[in-house]
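The values are calculated or read from the model by the stated rules, or taken from the named source; none is laboratory data. On a predicted model such as this, the values are computed, not experimentally measured, just so you know. Cβ sites come from the backbone with ideal geometry, for glycine too, and all protein chains shown count toward neighbours. To get the accessible areas, we keep the full protein, side chains included, count just its heavy atoms, and leave off ligands, DNA and RNA. Shrake-Rupley method; radii C 1.70, N 1.55, O 1.52, S 1.80 Å.
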Amino acid sequence: MPTHLIVLAAGEGARMLSDGPKVLHEIAGAPILAHVLASAKALDGERVLVVGRSGDAVSKEALKIDERIRIVEQSEQRGTAHAVTMAAPELEGRGGDTLVLLGDTPFIRPETLTALSKARADGADIAFLGFEASDPGRYGRIVAEGASLLRIVEWKDADDAVRATTLCNAGLVLAETGTLLRLANAAGRDNASGEHYLTDIADLGRAEDLDVRVLTCTEEEALGINTCADLARAEAVFQARARQAALAGGVTLRSPDTVYFAFDTHVQRDVVVEPNVVFGPGVVIESGARIRAFSHLEGCHIGRSAVVGPHARLRPGTNLGEDAHIGNFVEVKKAEIGNGVQVKHLSYVGDASIGRDTNVGAGTITCNYDGVSKHRTEIGDKAFIGSNTMLVAPVTVGDEAMTASGSVITRDVPGGDLAIARGRQKNMAGFAPKLLARLRAIKGASKSD
Ligand code: UD1
Ligand code: CA
């Protein structure tokens, strides 16, 4: 039998004080929602996302992640049970089980979902997930006897004795589809919030003699994001896990706490990452490469044994070949950089391709934008671009060609040629002291005014 999924994301997220929907706030460069959907990737049934009235942006993002996902609207936020009933038309009669995930709880591990399924297979009718909290805050509290769940009390409805307990509700639940929809529909709103609570299905289920159980996970895994402080905590949890995973995979991190990974950063073994490096989405680094301090990389592929930084910025579409060197204060965007290429100082390379073993001198700029369109610069193999060359694109520099320092290259340079495109130097014999005397006289005259 299939297991279907309902993700609840209709809430306003008011506690974030944000104009945008809560589930689109990002952890490690990906929306909270993407993390939630990733944890349930293995489920084989229908997928339903419940969004609020202004859910267009959320729907768009969800469809980007999973084009099969069905979107339903909950136009008024009347509680988590009410949100589940909005998904009923998509799931009624489909049998199997349904898992409800909260859109603001991003770190649930696939293994934990497997454990919930196992509890179902072992005879539980409804399986909730709880966790022992060191800081229980305003989570709902689970009242249980061993694995048997008696009821869940929302913080707002709890008395001091219940608030003092530490077994909290992670918010998700797995049950047979028909049971879930029926009980969610029966949940009343006689509580402090006046909302239909999904957590009430525990009580309702027990009243029908159903087997309601609680499994547990860690506090970290259950982290629910309600405020910007929670979001910062979630980022820290993600980063701690990513750093551990990198170290475990044979990556050298000189100062792990200062390296920031994206959700999809892929770093092979034997890579060295120096302090204060930030990875945006879409970075792959092959073995043996070194990312030096204070570099920022996103959307790029770094070949074997390449060196990047310190203080380099690699933007999307950068493809660095083996042994390539990108040095300090160099920015690269949408560029194929061949094996053994050196761009070591203070340059901008954008919309370009550079052949193997070419040297690009300090301060070289590909002038790729004319104010309207972007144009490409093509440089061949073993070329030498003199310092402070302006390559006014579209332009091509052939294999083994050279440009003289300070040139403004506006026409193609055939392979093997030397291009010099700068004003000729003129020396005025003995003129320097005369010029200085004249300048001082001008300054003196203006002071006495
Ligand atoms: C919920 C649980 C609480 C648990 C906590 C874990 C209930 C009643 N309470 O509380 O026991 O400890 O999560 O993090 O379930 N949503 C809708 N429609 C609504 C209301 C909410 O789609 O009408 C969505 C929200 O967008 C959010 C999720 O459901 O993604 C949870 O709602 P939220 O208001 O954050 O619940 P909590 O108060 O955190
Ligand atoms: Ca929440």
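Worth a mention:
- Qualifying residues in segment 102-127 (those that are more than 12 Å from Arg213 (Cβ to Cβ) and part of a loop (DSSP other than H, G, I, E, B)) - the one farthest from ligand 1 (Cβ to nearest atom): Arg109
- Qualifying residue in segment 64-86 (condition: basic (Lys, Arg), part of a helix (DSSP H, G or I) and in the same structural domain as Leu181 (by TED's automatic domain parsing)): yes
- When we screen Ala262, Ala245 for residues that are part of a helix (DSSP H, G or I) and not assigned by TED's automatic domain parsing to the domain that holds Ala30, the only hit is Ala245.
- Whether a residue is touching an Asp or Glu at 6+ places or on another chain (Cβ under 8 Å) and open to solvent by 10 Å² or more (accessible area, probe 1.4 Å) was assessed, and Arg68 does not pass this test.
- Flag if Ser59 is within 14 Å of ligand 1 (Cβ to nearest atom), open to solvent by 10 Å² or more (accessible area, probe 1.4 Å) and part of a loop (DSSP other than H, G, I, E, B): no
- Within segment 159-174, if we keep just the residues that are aliphatic (A, V, I, L, M) and open to solvent by 10 Å² or more (accessible area, probe 1.4 Å), the residue that is farthest from ligand 2 (Cβ to nearest atom) turns out to be Ala161.
- Residues satisfying the stated conditions in segment 226-240, i.e. open to solvent by less than 30 Å² (accessible area, probe 1.4 Å), within 13 Å of ligand 1 (Cβ to nearest atom) and within 20 Å of Thr166 (Cβ to Cβ): Asp230
- Enumeration of residues in segment 282-313 that are of a type in the set (A, V, I, L, M) and over 13 Å from Lys344 (Cα atoms): Val283, Val284, Ile285, Ala289, Ile291, Ala293, Leu297, Ile302
- Only residues that are within 24 Å of Glu12 (Cα to Cα), touching a helix residue (DSSP H, G or I) at 6+ places or on another chain (Cβ under 9 Å) and among the small types (Gly, Ala, Ser) were counted in segment 223-267, giving 2.
- Total residues in segment 316-341, condition open to solvent by 20 Å² or more (accessible area, probe 1.4 Å), in a loop (DSSP other than H, G, I, E, B) and within 17 Å of Asn276 (Cα to Cα): 1
- From the options Thr218, Thr199, residue that is away from ligand 2 (no atom under 16 Å from the Cβ) and within 21 Å of Leu101 (Cβ to Cβ): Thr218
- Extreme residue, farthest from Ala87 (Cα to Cα), among residues of segment 151-186 that are away from ligand 1 (no atom under 14 Å from the Cβ) and among the charged types (D, E, K, R): Asp160
- Search result, residues across segment 1-45 that are open to solvent by 30 Å² or more (accessible area, probe 1.4 Å), within 9 Å of ligand 1 (Cβ to nearest atom) and part of a loop (DSSP other than H, G, I, E, B): Gly11, Glu12, Pro21
- Consider segment 81-95 and keep the residues that are in contact with a strand residue (DSSP E or B) (Cβ under 7 Å, 6 or more places away or on another chain) and either open to solvent by less than 10 Å² (accessible area, probe 1.4 Å) or among the aliphatic types (A, V, I, L, M) (or both). The one that is farthest from ligand 2 (Cβ to nearest atom) is Leu91.
- Arg151 being in a loop (DSSP other than H, G, I, E, B), more than 29 Å from the chain's Cα centre (by Cα) and of a type in the set (Lys, Arg): no
- Verdict on Val392 being of a type in the set (A, V, I, L, M, F, W, C), open to solvent by less than 10 Å² (accessible area, probe 1.4 Å) and touching a residue at least 12 places away in the same chain (Cβ under 8 Å): no
- Of the numbered criteria (1) more than 12 Å from ligand 1 (Cβ to nearest atom); (2) not in a loop (DSSP other than H, G, I, E, B); (3) not small (Gly, Ala, Ser), the one Glu220 fails is (2).
- Filter result for Asn191 (in the same structural domain as Arg94 (by TED's automatic domain parsing) and in a helix (DSSP H, G or I)): no
- Hey, Ala121 free of Cβ contacts under 8 Å to residues at least 40 places away in the same chain and either in contact with a Lys or Arg (Cβ under 8 Å, 6 or more places away or on another chain) or surrounded by fewer than 23 Cβ atoms within 10 Å (Cβ to Cβ) (or both) or not: yes
- Test: residue in segment 129-136 that is assigned by TED's automatic domain parsing to the domain that holds Arg206, open to solvent by 10 Å² or more (accessible area, probe 1.4 Å) and modelled with pLDDT under 95: yes
- Test: residue in segment 273-295 that is in contact (Cβ under 8 Å) with a residue 40 or more places away in the chain and assigned to a loop (DSSP other than H, G, I, E, B): yes
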